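Quick one: structure below, then a few questions.
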Amino acid sequence: DALLAAAAQAQLSTPAQLSAQASRLLNTPRGHVAAQEFFLEWLQLSELPNLSRSEAGTSLPAATAALMVQEGRLTVDDVVFAKKGTYQSLLTVPYSFVNQPLASFYGSAAAAPSAAFVAVPASAMGRDPGILTLGGVASAASQSTYASPTIRGRTLRMRLLCGSLGSPPPGIAGVDAAQPNATLRQLFGAHVTSPTCATCHTQMDPLGFTMGAYDTLGRRRAGDMENGQPVDTSGALLNTATNQPTQLAGIADLGAALGADPAAAACLARHWSMYALGSVSWSQDGCTFDAASNQAASSGFNLQQTLLSLTQVPSFSQRSDDP
């Protein structure tokens with residue numbers, strides 16, 4: 001009603017007026033839900049309850065998957081709205097919201113005392129900081145029965161860096177993840193050394209290796225051991241423009257590197273624009289996406305301002321036939 005009244009009084013004609021109304025709507029309960037749903041989809045968390053995940057005879061219960069979705073929902077909402085955080089804040093957030101059943105599943109029963117969700121430091125649960133270490137994020141970006149570094153790396157490359165990666169060529173043999181005493185890094189190592197595989201896999205696997213401390217179900221591996229061997233979480237973030245890698249010790253380093261990377265933050269603005277417009281056509285909407293990213297950059301990629309940036313681009317308030 002307030003928006004329609006403003007329109008009737010010609011109070012939606014300037015960028016400032018549009019921004020004020022959009023900010024008002026974003027901070028309503030429905031606005032919170034809309035923002036949460038975008039981030040859940042961006043992180044693939046919304047898909048988790050429909051996925052089958054198991055490792056070493058243990059499956060991810062549907063009820064636990066639902067708790068992981070709620071963990072993501074509450075953590076994102078707190079960073080975006082309560083903390084008024086930035087993209088960097090999200091990638092390095094040092095806590096998440098868990099309850100006692102979820103904390104127990106993570107192996108940290110004492111971290112949350114009851115069925116109510118509370119903010120718990122990542123360190124209290126033996127986890128790394130950052131939104132990428134949420135159990136649901138790690139589990140969603142896995143194969144059904146093993147924590148594929150390729151799937152995880154592909155997810156990170158495409159969703160965090162807006163990379164473009166094709167499907168594998170036909171006839172490629174799958175990885176035997178059931179080899180005894182081998183780590184996933186050992187099984188997937190040939191991807192980045194084989195001339196036929198390296199072109200794509202150097203963009204994916206070294207990113208996925210940084211998540212190796214978390215298993216298919218999103219739990220921290222006990223003692224950071226896998227099949228009796230220490231997990232090697234070192235990796236690299238390849239700059240595809242210069243072909244130069246940034247060396248990483250693990251997922252915390254990756255979160256810090258991505259959080260400080262304007263190109264990664266601009267990628268989030270692009271994903272939001274595509275989500276909000278319901279369009280993935282870069283050739284037709286590239287100017288809109290670029291304008292939204294530039295607008296978000298002017299706020300230091302504050303997350304609320306990133307979501308509001310789309311209201312400031314010409315195509316939001318002008319039709320193509322308008323003078």
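Tell me which residues, restricted to the stretch 12-33, are open to solvent by 80 Å² or more (accessible area, probe 1.4 Å) and over 11 Å from residue 317 (Cβ atoms).
24, 29, 30
Grab the helices (runs of 4 or more DSSP H) fully contained in the stretch 1-43, keeping just those with 2 or more residues being farther than 30 Å from residue 137 by Cα and not charged (D, E, K, R).
Counting at least 2 such residues, we get 2-8, 15-26.
Turning to a different aspect of this structure: All but one of (1) open to solvent by 50 Å² or more (accessible area, probe 1.4 Å); (2) in contact (Cβ under 8 Å) with a residue 24 or more places away in the chain hold for residue 122, so report the exception by its number.
(1)
With the condition kept exactly as written, say whether any residue in the stretch 52-59 is assigned to a helix (DSSP H, G or I), open to solvent by less than 40 Å² (accessible area, probe 1.4 Å) and either acidic (Asp, Glu) or in contact (Cβ under 8 Å) with a residue 12 or more places away in the chain (or both).
Checking the stretch 52-59: not a single residue is assigned to a helix (DSSP H, G or I), open to solvent by less than 40 Å² (accessible area, probe 1.4 Å) and either acidic (Asp, Glu) or in contact (Cβ under 8 Å) with a residue 12 or more places away in the chain (or both).
Please indicate, with yes or no, whether at least one residue in the stretch 201-218 is assigned to a strand (DSSP E or B), at pLDDT 95 or above and farther than 16 Å from residue 150 by Cβ.
no
Is there any pair with a first residue in the stretch 102-119 that is farther than 10 Å from residue 219 by Cα and open to solvent by 50 Å² or more (accessible area, probe 1.4 Å) and a second that is of a type in the set (D, E, K, R) and in a helix (DSSP H, G or I) whose Cβ atoms are under 9 Å apart and which are 6 or more apart or on different chains, and what are they?
Qualifying pairs under 9 Å: 117/71; 119/78.
Each row is one residue, and each column tells you yes or no for (1) at pLDDT below 80; (2) under 21 Å from residue 274 (Cα atoms); (3) not in a loop (DSSP other than H, G, I, E, B).
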{"position": "142", "(1), (2), (3)": "no, no, no"}
{"position": "145", "(1), (2), (3)": "no, no, no"}
{"position": "152", "(1), (2), (3)": "no, no, yes"}
{"position": "155", "(1), (2), (3)": "no, yes, yes"}
{"position": "158", "(1), (2), (3)": "no, yes, yes"}
{"position": "166", "(1), (2), (3)": "yes, yes, no"}
{"position": "169", "(1), (2), (3)": "yes, no, no"}
{"position": "173", "(1), (2), (3)": "yes, no, no"}
{"position": "180", "(1), (2), (3)": "yes, no, no"}
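What about residue 102, is it out of contact with any strand residue (DSSP E or B) (no Cβ under 6 Å at 6 or more places or on another chain) and over 25 Å from residue 300 (Cα atoms)?
In short, yes.
If I filter the stretch 261-272 down to residues being open to solvent by 10 Å² or more (accessible area, probe 1.4 Å) and aliphatic (A, V, I, L, M), which single residue comes out as farthest from residue 204 (Cα to Cα)?
By that ranking, first place goes to 266.
Output yes when any residue across the stretch 243-260 is acidic (Asp, Glu), in a helix (DSSP H, G or I), under 30 Å from residue 57 (Cα atoms) and open to solvent by 30 Å² or more (accessible area, probe 1.4 Å), and no when none is.
no
The values are calculated or read from the model by the stated rules, or taken from the named source; none is laboratory data. Because the structure is a prediction, the values reported are computed rather than measured. Ideal geometry is used to build each Cβ from the backbone, glycine not excepted, and the neighbour counts take in all protein chains shown. Calculation scope for accessible area: heavy atoms of the full protein, side chains included, ligands and nucleic acids excluded. Shrake-Rupley method; radii C 1.70, N 1.55, O 1.52, S 1.80 Å.
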